[in-house]
Amino acid sequence: QVQLVESGGGLVQSGGSLRLSCVSSLNTFVINTMGWYRQAPGKQRELVAIFTSDGITNYADSVKGRFTISRENAKNTVYLQMNSLEFEDTAVYYCNARIMNKDYWGLGTQVTVFS
């Protein structure tokens, strides 16, 4: 069992930046994959950025070049730096961790981008 707590969401003007944080209750070394998903109103949850089990980063095409995922293992934390935010990035952002093929989710943090 792992608990994930997100923070860092908020209201930001288009073109601005935010940094999301996700703190895991377990050491990130025991987590197979860890990353960020988002869900906009009326849409399905989608992958934003993730560390694979090989430590490789994958990004959704819509955020490549604007978002950066990083981690600080000593703090059991994964970050999502979001730059050049667009209205279409408005969503609830969820931290995800997969351990032995089981998914765990945080409660989410709201990101709202206004023009």
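Miscellaneous remarks
- Rounded accessible area per residue of the chain, 1.4 Å, Å²: 55 Å²
- With every protein chain in place, the chain: carbon and sulfur % of accessible area (1.4 Å): 48 percent
- The chain - percent relative contact order, Cα under 8 Å, separation 6 or more: 37 percent
- Of all aspartates and glutamates in the structure, the ones whose alpha carbon falls short of 18 Å from that of K43, not counting any fewer than 8 places away in one chain, are D61, E86, E88, D89.
- Assuming charge only on the beta carbon of Lys and Arg (+1) and of Asp and Glu (-1), the dipole of the stretch 17-115 about its Cα centre is about 180 debye to the nearest 20.
- Between the stretch 1-31 and the stretch 87-115, the alpha-carbon center distance in angstrom: 8 Å
The values are calculated or read from the model by the stated rules, or taken from the named source; none is laboratory data. Remember, predicted model here, so these are calculated numbers, not experimental data. Methodologically, a virtual Cβ is constructed for each residue, glycine included, from the backbone with ideal geometry; neighbour enumeration extends over all protein chains shown. Please note that ligands, DNA and RNA were not included when accessible areas were found on the heavy atoms of the full protein model with its side chains. Shrake-Rupley method; radii C 1.70, N 1.55, O 1.52, S 1.80 Å.
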